[in-house]
Amino acid sequence: MTGLIEPVARLIESFSRLPGIGPKTAQRLTYHLLRAPDTEARTLAAALIAVRDDVVFCELCFDISTGPRCPICLDPGRDDSRLCVVEEPLDVLALERTRAFKGRYHVLHGAISPVDGIGPERLHIRELLERVAERSVSGDPYGEVVIATNPTLEGEATAMYLAERLREHVGQVSRIARGIPVGGDLEYADEVTLVRALQGRHELTDRSAP
């Protein structure tokens, strides 16, 4: 950036690469840190390093974790007969705030989007199908898989793709109800809306059937 010393320009550029942060906001954040007490900037730097060094993805559900298994996967009090599939770790946090779902989770880390070059192979769909198939083969299939992808075109396409591949292995495949506005994200929904969406979930029917 013309007229800026290199460390400042580099920080502004780094902030501007974050989702939802434009050039003006990146500049405001940078100059806030320049004026802030030394401890604030160093605390932020330490937190960023800790996230990179200490946080991993759960090897089973792919939610964020500090160990091989996340707290939800390790919790013996959860309902093992129900599995909720979401797009991102933030969606798990949103649903957990409602306390309406007591089962397990599986995080895809995105949604199918051919326009953006994102196919099933770029998401954690293979691991989901293997997880469900293993339960089915063991004679203890999931009673319900709740597909809670976002109500966007990509989320709906992902839901239908998963439903077609899950039906023969689980008792029921359901989709959260339209309590979430079309085009919206779970992470921004209020708790009442999320509770209604969970309570109003419905089974996905096979559209190819006569």
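The values are calculated or read from the model by the stated rules, or taken from the named source; none is laboratory data. None of the values given here were measured: they were computed from a predicted structure. Note that each Cβ is placed from the backbone with ideal geometry, even for glycine, and that neighbours are counted across all protein chains shown. These area figures cover heavy atoms from the full protein model, side chains too; ligands, DNA and RNA do not enter into them. Shrake-Rupley method; radii C 1.70, N 1.55, O 1.52, S 1.80 Å.
When only C-alpha pairs under 8 Å and at least 6 residues apart count, what is the relative contact order of the chain, in percent?
RCO, the chain: 15 percent.
Treating each Cα of the chain as an identical point scatterer and ignoring solvent, apply the Debye formula and state log10 I(q)/I(0) at q = 0.10, 0.19 Å⁻¹.
Log-scaled intensity ratios, in q order: -0.54, -1.37.
Regarding region 70-176, what whole-number volume in Å³ per residue does the convex hull of its Cα atoms give?
Value for region 70-176: 98 Å³ per residue.
For region 1-96, report the % of Cα-Cα distances exceeding 17 Å.
66
For a quick check: with amide H placed at 1.01 Å from N, whose amide H comes under 5 Å from residue 70's, ignoring anything fewer than 5 positions away on the same chain?
Long-range HN contacts for residue 70: 59, 60, 61.
To the nearest 0.05, what FRET efficiency results for residue 32 and residue 126 with a Förster distance of 41 Å applied to their C-beta separation?
It comes to 0.45.
How much accessible area per residue does region 63-206 have, in Å², with a 1.4 Å probe?
Value for region 63-206: 50 Å² per residue.
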